[in-house]
Every structure is written in structure tokens, then in C-alpha cells.
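The values are calculated or read from the model by the stated rules, or taken from the named source; none is laboratory data. What you see is a predicted model; the values in this text were computed from it and never measured. Don't worry about glycine lacking a Cβ; one is built from the backbone with ideal geometry, like all the others, and counts go over all protein chains shown. These accessible areas exclude ligands, DNA and RNA; they are computed on the full protein's heavy atoms, side chains included. Shrake-Rupley method; radii C 1.70, N 1.55, O 1.52, S 1.80 Å.
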Amino acid sequence: MKALHLKLWREIWRMKGQVFAISMVVMSGVATFILFISTMHSLDYTRSKFYRDYNFADVFVNLKRAPDSLKDKIQNIPGVRQLETRVSAQAKIDIQGFSENVTGKIVSIPDDGHPLLNRLYIRQGRLPDPFKDNEVVINETFAQAHGFKLGDQLAAVINGKWKRLTITGIALSPEFVLVMKIGAMTPDFKRFGILWMSRKAISKAYDMDGAFNDVVLSLYAGVKEGDVIRELDNMLGPYGGFGAYGRKNQMSHRLLSEEMKQLRTSSRIYPVIFICVAAFLLNVVMSRIINTQREQIAILKAFGYNDFAVGVHYAQMVIMIIAAGVVAGIAAGIWLGKMMGNMYMEFYRFPVFIYTLHPEVLIAAVSVSVLSALAGTMHSLWKAARQPPAEAMRPEAPAKYRVTLIEKTGIGPWLTQPARIIARNMERKPIRTFLSIVGIAVSCATMVSSGFFKDSVDFMVKAQYVFSQKEDMTISFIEPTSYRALYELKQTPGIHDAEAFRSVPVKLKFGHRSYKTVINGIEPEGRLHLVLDTNFQSIPLPESGILLTDYLGKILGVQVGDVLTVETLEGAKAIRQVPVVAMAKQYLGAMGYMNLNALNRLMQEGNAISGAYLVTDSPYREKLFRSFVEMPRVADVFIRQNEINNIYEVMAKSMLYFTFIAMLMACSIAFGVVYNSARISLSERSRELSSLRVLGYTRGEIAYILLGELAIITLAAIPLGFFIGYWLCAYVANALASDLFRVPLIIELKTYTIAAAVVIFSAVFSGWIVRRKLDHLDLVEVLKTKE
Amino acid sequence: MKENFFQVRDLTKVYRMGEVEVHALRGVNMELYAGELVVLLGPSGSGKSTLLNIMGGLDTATAGIVAYRGKELTQATEKELTEYRRFHVGFVFQFYNLISSLTARENVAVVTEIAANPMSPEKALDLVGLTDRLNHFPAQLSGGEQQRVAIARAISKNPTVLLCDEPTGALDSKTGILVLQALERINRELGTATAIITHNVDIAGMADRVIHLSNGKIAEVSKNKVKKSASELQW
């Protein structure tokens, strides 16, 4: 078999351009497969290890205040394994040299050392000394965002009192793998941080001695979480419990899970696309090779090689063609996966990102590529192995052609002969033509789907911050405040306009379904904060009844006109029946909206407000902001522009990375398909093209015949690519939709344009390479021999 | 005196076949006059195809001159050679070289569309006796028919010269004679100077002049006192 092996090497060397083009596609397929799956596994493993090693809790609950004595009662709830009571609070943070609002979540740690649950991983420094009330451990992203070092100081307004704190440690916690403020669109590491302080210090500051307002607990395996939560809610109700929730509703865990869902979706789409394209390319290339080698196959068989040996020979060729791509793809996949892991680590903080590549992923990548390549070439292989030697030695019958459909439409007489040649060639191999179009379309679709990411975020930002929220600043109070506060705000110099809002945590029930969220009460004639319908028209708030974001409507299975049970989780904890009056379009969150007055009636409170939407004059903005930060009553200040900037800052990096990968993938497919089609057309038709050259056709004119077909294929592929791209985006948008956010299916013209440009560029580049080969056609050589 | 279309002087062609230098032509001198039918006769490897390829602007010379109507082809640019092939010379090859995706008529149209002063494809096909095969694809034609389409294609531009490389090489004698009759008719009726390459001695009978090539040189030039008609030939 040695001579055959030599033949193999030489032939592969001779086809190096095509092998390279196929390898690129195979590489992209294997790389994306490994990238998405290994990153998903790594993230999963890293997360479970961190959760396990640092004892991540199973159930979480906040409450107003309960005496320590309740702890034993909670511990006695069947199924509870470990339990920790804590004190947590929100505080405004003042950082020297950073004049924007920063809020922190303060969480207590037991005075006797590490917490039982949600233990801290101390990256640097140490835990606070329980006997000092001014020591604090902060989370890593917050520290890095501000360049804090151990011993640095920051100030916090704790329970209305300004206090200077010293950083003694920088830590991570399984509870805050991703640190994100509730209600925010993206994490904001500069403006939100976690501060761990000793229980003693916080209790003193918040008058929580002998009491707690936060409970986390772990459960025994097999215990029904729902039962414990119900029990817990009953027990904590009288103490102002806000409703317990499990891991799946815990912010950090939830967001991580969403990320993994996204990876899983991607790993289902992209590798499949590449592997199909690679199999198709191999099919085309191999059937051509086998056609040109009919005689050699016959000779091999005449010498006594059997069908099996010939089949194996070509199977080896297929495997060798894809081997380089598979190896490069594995390397690239690991490299990209580690790069993606590092990128994740900027947002999701684990002690260390453990990159794991399961051997079965490798085996799957290799066997899927090899099997699909062999499957793609099976037909040609079978033909090669089965041909009787005598038949194979005879020259192939001349190709059969027909008058094409397009000529029958009546335009036939106007076609030039080169145009006719193009049309008939395309129609003679309709499947190959169609698959080439699909292949290129897929590369176009890949580009569309990568641009879609940015377009939809742009749109989300526009919908949220331009159409819906006209205010440029939002403040919220520590607790519901009298409506009078709004008049005060309106009189403050620099405030142009102010509208009040009330937000109430609730549990909405319909039939057997329920959902915990908030109801936002807004001013009925308000101009600042609008609730929009699907056409982005403002929905007037009726005197009574509730509006739901459309996704919440779906979750609860309600329609306009149905009556919901609203259970408020604050204040008097009233239970009321409220009719649903409209559905609102919103891409973020799932909540209800009511007329402010109606909400206050429902709460049986007076004219209470939770905060205000403000329009400010820009010269005053800074000063206003400082004054709000210093106001003890004000819990939080949002500045719209900061929110928008932060979204783009956070996304810029990951967007760049994904666009880069998509671009690479799209180019490699477009190049792989166009280049291979062109090379094969060239080898099939070099004789014909040479004949035309002999008849006096110029190089340009024969290039037109060869490349014209590719140009038509490419141009036909682009609209199909737009269509597939749109469909792909719709699939992704649908797969990612959750109560946290819905990805709007918006694709800008620019995205389509860039996608088309990338495809055309790749096609032109491949065309240029083939054109150069065409210029060196050996006229004499070609005419001498019979095909 | 008839116009001398081709002036070939000391034409030499050396090419490399791998490691070996092959002297295909070693100083060939010849002429081709208007309206003349010349047969270039020689065994395979005698250099006749190389000579024809250089005269047709398909190949370059190592040394010497080939002039077409006073214009040196050996000095011409790629563009000029393409134009020369496009407007002045017609080719017929042993293996027809038709475009398999085009019908007989369209295969001729390939040339008439780009030529300066063409006849209609129908007329060209009529001249080779294929009026009833206009809309057949190459796959539907016999070898002789395909070759006659190739001849129609070659003459449709009204070339001054027709160069034929073993036009009957792939055909049986009966079909071959049909093809030669077509060439003879073109030469007679249109006055196209025609050069036919063959290793078949019997074809020499229909020529005005016979040029014998051997080993890259012209061994002998003979004139046929009595020119046979193609239908009288047999082999």
C-alpha cells in the first residue's frame, strides 16, 4: 500500500488550495463546536465547584426585621440543613474622585468568622475585625473598577450617617458571581458593589441588635424547595417577609444560567452549519476528483486492488483533507474557549476559571467531522469503488445539456452564448448550484446574526431610554414617602420637571400560576415615564386596573379583561382582585403598571411615593446629584446617560469578540464555497474555456463565463442569506426570551449591508485567485488531449 | 501571383518536457498563399502541430519569424494574438472542442457574436451540410457531425486562413471523408487558405501542395499535378 500512500500525499499537495479552503470550513466548525461546548462545560464545572466549595445557599429571603429567637423555628422547618441569619442593607457610597452615584449592598458576616453559607473566597487581605465597626471587605469587580487596594478608604452613608470605612479584604462569593443591581440592564461594576461587614458593626448601625432581616438556607437533598418556601413565607409574613425564593430566582445564579442557555443555543446552531457546509464541499470536491481519476481507479483495479482497497484509499484521502482542519479546529477551539473564559471572568467572578475539555467533546468533534465528511463523499466513494475497470477506462460520455427554463421564458433569443453557457451549467447541476447558494447564504446569515446582537441592544436601549423613559434622573427613597416630597423636588432649582412613582413588591396570581414582581404606580397624566404598546404609542393609564408587560401576561396566561389576584408583599399585605386592562410592550423585566392613585388605594395608604422621575438642567445636574447622594432619605439615584454608557461599555468587548468570530466564520465559509466551486468549474471546464480562447475570446471574456456563474450564485445567495439570517435571529431571540429580557427581533439595514459586503468580498477574493489561474491556461496542452 | 499569407523563416521551437529539452522545430521555412489548400504531412513528433500552433497564435517561437500578411506574430502581444485569432484565423481540432452546453447553432454563434464580418450560423452549418441538426447538442451528434459543427464554427467568421489539426484523426474513414468534403467545399467556394495537418498520407491527394515534415524540419515540398477530390480518397 506504500505507493498508494505516496499517491495520496501528492494528490493532496496538488490540491492544496482546495484543501486549505475546506480546512478553513472544517476548522471553523470544529472550533465553534469546541468553543461553545467546552465553554459551557467549563462554566458549569467552575460554577458547581465554586457553589459546592463555598456552600452556596438554596433559599433566600429578605424581611423587615425578626428577632434572633426566630432562627430556631426556621431551623426546624423540615428539610432545612443549614441556616444563616444576616443583616443586609443598601447604602450610598462616596468615593473620592468619583462624583457619580455609587450604591452598595452591605451584607453581614458572622462575628465568629466565615459564614456557614455563601462563604467568601478571600482574594486578598482578611475578614473585618468584629470589634472594629469601620472595616469592610469588598467584592473584586468593585475593587478593580476603582483600583482599590487593601487599606484604601471609602465612605458610606449607612442608615443616614456618613461613615468612613477601611478596606481590609477583597473577596468573591458564590452569591455574587455576577454583581448586578436589581433593575439594571447590565452589570455596572463602578457604580454598584458588595460590602461585607461584621454583623456587630451593621447591627449597631441599623439598630438590628438581636435581630435580622435576611435569611439564607440550604436544604437536604431531595427536599421540595416549594414546601420550604411556603413554610418560610408563612413564618416570616408577620415579620415583613418579602417572599422567599430559590436559586433559580437568585440574581447572580439566574444570569449565569441565562448565559449558559445562550451558549447552548449557539452550540446547537453554528457547528451544525459548518459541518454541513464542509460535508457539502467535500462531496463536490471528491466527486470531481473521482471523476478525473476514473482511469487511475480502473488501473488500480486491473492490477488487483479490490473495491474495498480503492474505497479505503479515497476514504483516507477524505480523512486527510479534513485532518488538518480538525486539528487546527481543536487548537483554535481551545484557544477561543480559554479566551472566552477570560472574557467571562471579567463579568462572572470565580476564584479561578477552570477550563475543562471533556474527552467526549473531542471525540464527538472528530467523529462528527469525519463521519459527516465521509457521509458527504459516500456517494462518490461508492461509485469509485464499484466501477468495473473496463468502464472506468473508457472516457466519460459527453455531458448532457438541455435548453434551460430561463430561456423558455422568452428571453432566450436575447442571451449571448456566454450567458447561455452560464445558465445551462447552473441548470444542469441544480443540486450543486442550489447547495452552493445555500452554503454562501449561510455565511451571509452568520454575519447577519452577529450584527443582530448589536442592533437589538440598540433598539432595546432606544425603546427603554428614548421612547419610554424621558426622565434623565431617577431617585428612589429608602421607604414610601409622602407626596409632599414631590412638591419640594419641583421647587428645587435645576429641576425642570418631576413626576412621582410608587413601586410595590407583589405576587400576582392567576389560576394556578403565580409570579413575584413589582407594580409600578405612575402618574396618570405623566409625560416622563410612559407605558408603551407594541407600536410604541403611549398607553393612557386608566383609573383602575393593571397593565402587564406582554411577557408577564404570557407567563401568567392572562388576557386583557381577566382578573388577577394581587398579593402585596409590603405594608398591610392586602390581597385584591384587579382586572387586567392592557398589555404593554417592554423588553426588560416583567412587571405591572398602575395608576399611582389606584395603586395607593389598593395599598390602603395615603398619597405615598417611592421616588421620582426628574428632568434636570444640565448645569445643575452635578450639584443636584451630590445633594441627593447626601440626602439620607434618598436610597438611590439613577442617571440615564450613565446607564446607557455603561450598557455599551460592558457590551463593547464581548460584542467585538463575537463579531470577530462571526466574521472569521463567515469569511471562511464564503471563501471555502466560492473558491471550491470556482476551482472545480475550472477543472471541469478548462478545456471548454481554452477552446474559447483559441476561438479568439479574451481572458476577460472567458473569466466572465466562469466567474459569472459564481457571481450569480453569490448574488442569489445574499437575499437567501438575509432570509436565513433573519430566521436564525428569530430562533435565537425566541430561545433567549425570559422574564429578565426579551431580545427584540430588529436587524438594521447596516447589518445586512455589512453581511453582504463580507460575502461579496470573500467571493471577489476567491474569484481573483481563480482568475489568476485562468490567465495561465495552457491552450496547447488542453487541446491535445481528449477529456 | 497570389498573396502570401504566411511567411515562416528559420522557425525554431525548443520546449522542456520535465528534464528533457525537446527540439520540436529546427529552422522551418514555408509559405501559405491565398486560396491554397496545403497538407502538412508527417509522423507524430515531426513538429507539425507545433508549427500549426505557432501559426495560429497559440504558441510562441524560440527563434525565427512567423509573419501573417507582413505582421510578425512572433513579436505580437497577447492582446494582438487574441485579436488575430478572433478575426483572421479559424481552427479545427482532432477532438472538435465544442461547448457541450450549446447546440450546434449556438456553438457557431459563439464565434459569430464576436467576429467582425461573420456569416450567419445557419449559413455556416448549411455549408457543412448540417441544416437539419441546428438545435442538437453535442451529446446528440455523431463524431463526424460534431467535427462538421467545428468546421462551421471555424469558417463562420469568414477567416482568411483555416488551420486544421488532424481533423479526421478521431473518425472512421467514411465520416472522415465527409469532413474533408466540407473543408474542400469551403476552400473552393470561399477561397479560404487552408492548412491541414495529418499523418494520413492518403489525404495528401486533395492538396495543392504537400509539405512533408520530419524531425522538426521540412523534408520535402511537393505539388499535386492532379488534385483529387475528397470523395475520391480512401483509406
Residue that is least open to solvent (accessible area, probe 1.4 Å) [pool: residues in the stretch A:642-682 that are in contact with a Gly (Cβ under 9 Å, 6 or more places away or on another chain) and over 17 Å from A:F280 (Cα atoms)]: A:A662
Single residue of the stretch B:13-26 satisfying the filter (open to solvent by 30 Å² or more (accessible area, probe 1.4 Å) and in contact with a strand residue (DSSP E or B) (Cβ under 9 Å, 6 or more places away or on another chain)) that is farthest from B:G56 (Cα to Cα): B:E21
Unique match (being open to solvent by 20 Å² or more (accessible area, probe 1.4 Å) and closer than 27 Å to A:S654 by Cα) among A:R230, A:R268, A:R288: A:R268
Residues that are surrounded by 18 or more Cβ atoms within 10 Å (Cβ to Cβ), of a type outside the set (D, E) and touching a residue at least 60 places away in the same chain (Cβ under 8 Å), drawn from the stretch A:153-177: A:L154, A:A156, A:V157, A:I158, A:L172, A:S173, A:P174, A:F176, A:V177
Helices (runs of 4 or more DSSP H) (entirely within the stretch A:215-328) containing at least 2 residues that are under 27 Å from the mean Cα position of the chain (by Cα), at pLDDT 85 or above and closer than 30 Å to A:H41 by Cβ: A:251-292
Count of residues meeting criterion [outside any loop (DSSP other than H, G, I, E, B), more than 7 Å from every other protein chain (Cβ to nearest Cβ) and under 19 Å from B:T131 (Cβ atoms)] in the stretch B:74-106: 2
Within the stretch B:38-65, considering residues that are more than 10 Å from chain A (Cβ to nearest Cβ), open to solvent by less than 20 Å² (accessible area, probe 1.4 Å) and of a type outside the set (A, V, I, L, M, F, W, C), the one nearest to A:L692 (Cα to Cα): B:K48
Qualifying positions in the stretch A:514-549 - within 14 Å of A:Q586 (Cα to Cα), in a loop (DSSP other than H, G, I, E, B) and of a type in the set (A, V, I, L, M): A:L530, A:V531, A:I539
The stretch A:689-707, subset in contact (Cβ under 8 Å) with a residue 40 or more places away in the chain and open to solvent by 10 Å² or more (accessible area, probe 1.4 Å), residue farthest from A:F761 (Cα to Cα): A:R693
Near pairs, Cβ below 7 angstrom, 6+ apart or cross-chain, from the stretch A:555-578 (over 14 Å from A:M594 (Cα atoms)) to any residue that is open to solvent by less than 30 Å² (accessible area, probe 1.4 Å) and in a loop (DSSP other than H, G, I, E, B): A:I555/A:A590; A:I555/A:D739; A:L569/A:G243
Output for the stretch A:209-225, where each listed residue is over 12 Å from A:A57 (Cα atoms) and either free of Cβ contacts under 8 Å to residues at least 12 places away in the same chain or open to solvent by less than 40 Å² (accessible area, probe 1.4 Å) (or both): A:D209, A:A211, A:F212, A:N213, A:D214, A:A221, A:G222
Some residue of the stretch A:182-199 being assigned to a helix (DSSP H, G or I) and open to solvent by 30 Å² or more (accessible area, probe 1.4 Å): yes
Total residues in the stretch A:413-454, condition within 14 Å of chain B (Cβ to nearest Cβ), open to solvent by less than 60 Å² (accessible area, probe 1.4 Å) and touching a residue at least 24 places away in the same chain (Cβ under 8 Å): 8
Qualifying residue in the stretch A:633-646 (condition: over 27 Å from A:L178 (Cβ atoms) and not aromatic (F, W, Y)): yes
Selection count where residues are in contact (Cβ under 8 Å) with a residue 24 or more places away in the chain and out of contact with any helix residue (DSSP H, G or I) (no Cβ under 9 Å at 6 or more places or on another chain), scope the stretch B:10-44: 13
Among residues of the stretch B:107-160, those that are part of a helix (DSSP H, G or I), open to solvent by 50 Å² or more (accessible area, probe 1.4 Å) and more than 9 Å from every other protein chain (Cβ to nearest Cβ), counted: 6
